[in-house]
Amino acid sequence: MDIYSTEEQQVEAIKSWWRENGKAVLLGAILGIGGLYGWRYFQAEQQTRSEQASEAYLTVLETIDTDNKNTQSDIQGFIQNNPGAYAEIVQLQLAKSFVDAGDLTKASEQLRAVQMSKDSILSTMATFRLARIEAEQGHPDKALAQLDKITAESWKAQREALRGDIEFQKGNRAAAQAAYLASIALSPNPVIQMKLDNVSQ
């Protein structure tokens, strides 16, 4: 037997259900539609910001080697206003330009900032470059301390090769030899092999 025996009872049941649940259904529909439009607006806004940051990033990269106060101010403004990967890549490029100009102190400042990156690749790259600068400045122990922070498997061969250079710089031929051997075991390299041959004589 049907639950509702007549059309009038069915209509009355629908009316009754609507009186009890209509507001909730309408509210849910409004929230759903509003949320959809809100989400689309948010995504469009994020896309616009991303495109603007990308354009600004390219502009900054083009001017990074320009040596004037206005340009340096623009670069620092970009770094402050775009925290994250864009700013950190700019800082790595800025550090390189300082190294090329012979200003290792300013280069170190930029690299130390990138070391704090949440991106492990950028952080490791900054740490490796900072180790090279410390060695270049005649601070081999500080350089080795920086190298000890690098744990990524993909960087171990490079890390050990640089460790060999630093240990050789310190006069520790046995430690340099061990580091070069470790580097070659991870990734054969004719240049490192030459260094190993040289330190083994």
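When S117 is tested against (1) outside any loop (DSSP other than H, G, I, E, B); (2) under 20 Å from W155 (Cα atoms); (3) in contact (Cβ under 8 Å) with a residue 12 or more places away in the chain, only condition (1) is not met. The residue list E109, E88 contains one member that is in a helix (DSSP H, G or I), under 20 Å from the mean Cα position of the chain (by Cα), modelled with pLDDT under 90 and not assigned by TED's automatic domain parsing to the domain that holds S200, which is E88.
The set of residues in the range 161-197 being part of a helix (DSSP H, G or I), out of contact with any Pro (no Cβ under 9 Å at 6 or more places or on another chain) and not hydrophobic (A, V, I, L, M, F, W, C) consists of R163, G164, D165, R173, Q177, Y180, S183, P190, Q193, K195, D197. Out of the range 126-159, which residues are farther than 16 Å from Q115 by Cβ and basic (K, R)? K156 - this is the single residue of the range 126-159 that is farther than 16 Å from Q115 by Cβ and basic (K, R). Output yes when any residue across the range 140-155 is in a helix (DSSP H, G or I) and under 23 Å from Q76 (Cα atoms), and no when none is. Checked against the condition, which is being in a helix (DSSP H, G or I) and under 23 Å from Q76 (Cα atoms), the range 140-155 yields no hits at all.
Would you mind stating whether A179 is within 21 Å of T127 (Cβ to Cβ), aliphatic (A, V, I, L, M) and within 33 Å of the chain's Cα centre (by Cα)? Can you show your working first?
On the way: within 21 Å of T127 (Cβ to Cβ): yes; aliphatic (A, V, I, L, M): yes; within 33 Å of the chain's Cα centre (by Cα): yes.
Yes: the conditions hold for A179.
The values are calculated or read from the model by the stated rules, or taken from the named source; none is laboratory data. As the structure is a computational prediction, the values presented were derived from the model and not from experiment. Neighbour counts run over all protein chains shown; Cβ positions are idealised from the backbone, glycine included.
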